[in-house]
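Have a look at the structure below, then the notes.
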Amino acid sequence: MKYNKPARVLAWLAILVIIAILIFFIYCAFTGKNFFGSLYLVIIIPVIIWAILFFAGCFHEKEEHNDTSKDDITKQ
């Protein structure tokens, strides 16, 4: 499956951000500074990103479904 260049760049950027958050979390776990803030980053931020992508996919599927039903009506 081929992806266009912006999608690949965003995917790599997301991977780098996740790695940076995990490194920050490990650092905070050993030093004790901002531990709960980093715990928030590790748990809540990925859940929010997942929810946004999930709902965007739901709305995208509905739009595609509505478009195909309109095409079926015009073909008849």
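The values are calculated or read from the model by the stated rules, or taken from the named source; none is laboratory data. The structure displayed is predicted, hence computed values, not measured ones. Glycine also receives a Cβ, built like all others from the backbone with ideal geometry; neighbour counts cover every protein chain displayed.
Among residues of the stretch 7-19 that are farther than 17 Å from Leu53 by Cα, none has a Cβ under 9 angstrom from a residue that is β-branched (Val, Ile, Thr) and surrounded by 11 or more Cβ atoms within 10 Å (Cβ to Cβ) at a sequence gap of 6+ or on a separate chain.
Return yes or no: is Leu39 within 16 Å of the chain's Cα centre (by Cα) and of a type in the set (A, V, I, L, M, F, W, C)? For Leu39, the condition - within 16 Å of the chain's Cα centre (by Cα) and of a type in the set (A, V, I, L, M, F, W, C) - is not met. If the condition is being surrounded by 10 or more Cβ atoms within 10 Å (Cβ to Cβ) and at positive phi, then the stretch 14-63 contributes only Asn34.
So that you can scan it fast, the table gives a plain yes or no per residue for (1) in contact with a Phe, Trp or Tyr (Cβ under 6 Å, 6 or more places away or on another chain); (2) at pLDDT 80 or above; (3) not aliphatic (A, V, I, L, M):
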| site | (1), (2), (3) |
| --- | --- |
| Met1 | no, no, no |
| Tyr27 | no, yes, yes |
| Phe35 | no, no, yes |
| Ile48 | no, yes, no |
| Lys62 | no, no, yes |
| Asp72 | no, no, yes |
| Gln76 | no, no, yes |
